[in-house]
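Notes follow once the structure below has been shown.
The values are calculated or read from the model by the stated rules, or taken from the named source; none is laboratory data. Please read these numbers as outputs of a predicted model, since none were measured by experiment. No Cβ is skipped: glycine too gets one built from the backbone with ideal geometry, and neighbour counts run over all protein chains shown. Protein only, heavy atoms only, side chains kept; ligands, DNA and RNA dropped before computing areas. Shrake-Rupley method; radii C 1.70, N 1.55, O 1.52, S 1.80 Å.
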Amino acid sequence: MSALAAAQVPDLAPAVADLLGAGPELLFATVSGAHLYGFPSRDSDVDLRGVHLLRLREVIGLREGEPTRTRMWQRDGLDLDLVTHDLLKFARLMLRRNGYVLEQLLSPLVVHTTAVHAELTALAPGAVTAGHAHHYRGFATTQWRLHEKNGELKPLLYTFRGLLTGIHLMRTGRVLAHLPTLVEEVPEAPAYLPDLVAAKAEAEHGPTPELPSVRLAGDVAALHGALTAAQGASRLPEHPSAQDALHDLVVRTREAAV
């Protein structure tokens, strides 16, 4: 695990060891969610995301393996939530303007890795398109509506994080999901975001600190405008270029595991 991971999450080696001996081969696992985004709470669970590999017989036979596996458990008092996709499904998601899977793949909070993980990471730039702006726009809209409904801080931070990630991606071609870093790199980021991040540390589902709703709505609208402008000016391609290379990787990996 990277130094950044060590600073943000507890030691997850025992938890990952629970998984390596059971079920399909685990190709990688990273930390996602609030820990990746830079605003975990004291009571946040740890979201693990990754890729597993179904054997060839589980893909072409009558007894099909699980393309997506989900597990929730506790380890040493820590709540863990793991979701993994089979390599083929994950590769397809990479080609569908899915920002989530790129964030998971490129997360610096790595708890288990393999050579296949390294290859996927190297291919990630070929999966990034200008169309990823739609993913972040839609995500932010959903989270903003949730914030308007329940008044909680968490969906508000998710709103800002999604918009800033989208803007940064359109401008630089790099996937960056860490909100405190985004505040430093995206000039349009509201100055009060570090204070909101600090408040979120106290409780996972706490209320939003006193900020005028009109101001929040105006800032969110302004970031939507910045995202639209960044998409229009982006040099990112309209279509991914990594499809052939991902196909080759999936075939090679599956054949090697027979």
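Per-atom-type breakdown for the chain gives carbon and sulfur 53% of the accessible area (1.4 Å probe, protein chains only).
Probing with 1.4 Å while keeping every protein chain in the model, the per residue accessible area of the chain equals 48 Å².
For the chain, compute Rg over Rh where Rg is the Cα radius of gyration and Rh is the Kirkwood radius from the inverse mean 1/r over Cα pairs. Dividing the radius of gyration by the Kirkwood radius yields 0.98.
Each pair of Cα atoms in segment 126-253 enters the Kirkwood radius, and Stokes-Einstein at 20 °C and 1.002 mPa s then converts it into a translational diffusion coefficient of 137 µm²/s.
Assuming charge only on the beta carbon of Lys and Arg (+1) and of Asp and Glu (-1), the dipole of segment 113-231 about its Cα centre is about 320 debye to the nearest 20.
Overall, the chain carries a charge dipole of about 700 debye about its Cα centre when +1 sits on the Cβ of Lys and Arg and -1 on the Cβ of Asp and Glu, all other atoms neutral.
Calculate for the chain the 222 nm mean residue ellipticity that helices alone would give, adding -39,500 (n - 2.57) per DSSP H run of length 4 or more and normalising by residue count, nearest 500 deg cm²/dmol. Please report the intermediate quantities before stating the final value.
On the way: 13 runs with 138 residues, N = 258.
Calculated at 222 nm, the ellipticity per residue is -16000 deg cm²/dmol.
Structure remark: mean-square fluctuation, Gaussian network model of the chain, C-alpha springs under 10 Å; the largest value among Y192, Y100, Y136 belongs to Y192.
Counted over the chain, the DSSP beta bridges are approximately 70% antiparallel. Pick from L223, L211, L179: which residue has the top mean-square fluctuation in a GNM of the chain where Cα pairs under 10 Å get a spring? With Cα springs under 10 Å in the chain, the top fluctuation among L223, L211, L179 is at L211.
The dipole here belongs to segment 169-255: it is taken about the Cα centre, uses +1 on the Cβ of Lys and Arg and -1 on the Cβ of Asp and Glu, and is about 220 debye. Highest mobility in the GNM of the chain, judged by mean-square fluctuation with C-alpha springs under 10 Å and restricted to L196, L106, L163, is found for L196. If you take the Cα centroid of segment 87-101 and the Cα centroid of segment 37-51, the two points sit 20 Å apart.
Each of S32, S241, V128 was placed along the dipole of the chain (beta-carbon charges, centred on the mean Cα), and the one lying farthest toward the positive end is S241. On the beta carbon distance between T68 and A257, with R0 = 22 Å, the FRET formula returns roughly 0.75.
Placing one equal scatterer on every Cα of segment 123-171 and applying the Debye formula, the log10 ratio I(q)/I(0) at q = 0.13, 0.17, 0.24, 0.27 Å⁻¹ is -0.33, -0.50, -0.79, -0.90.
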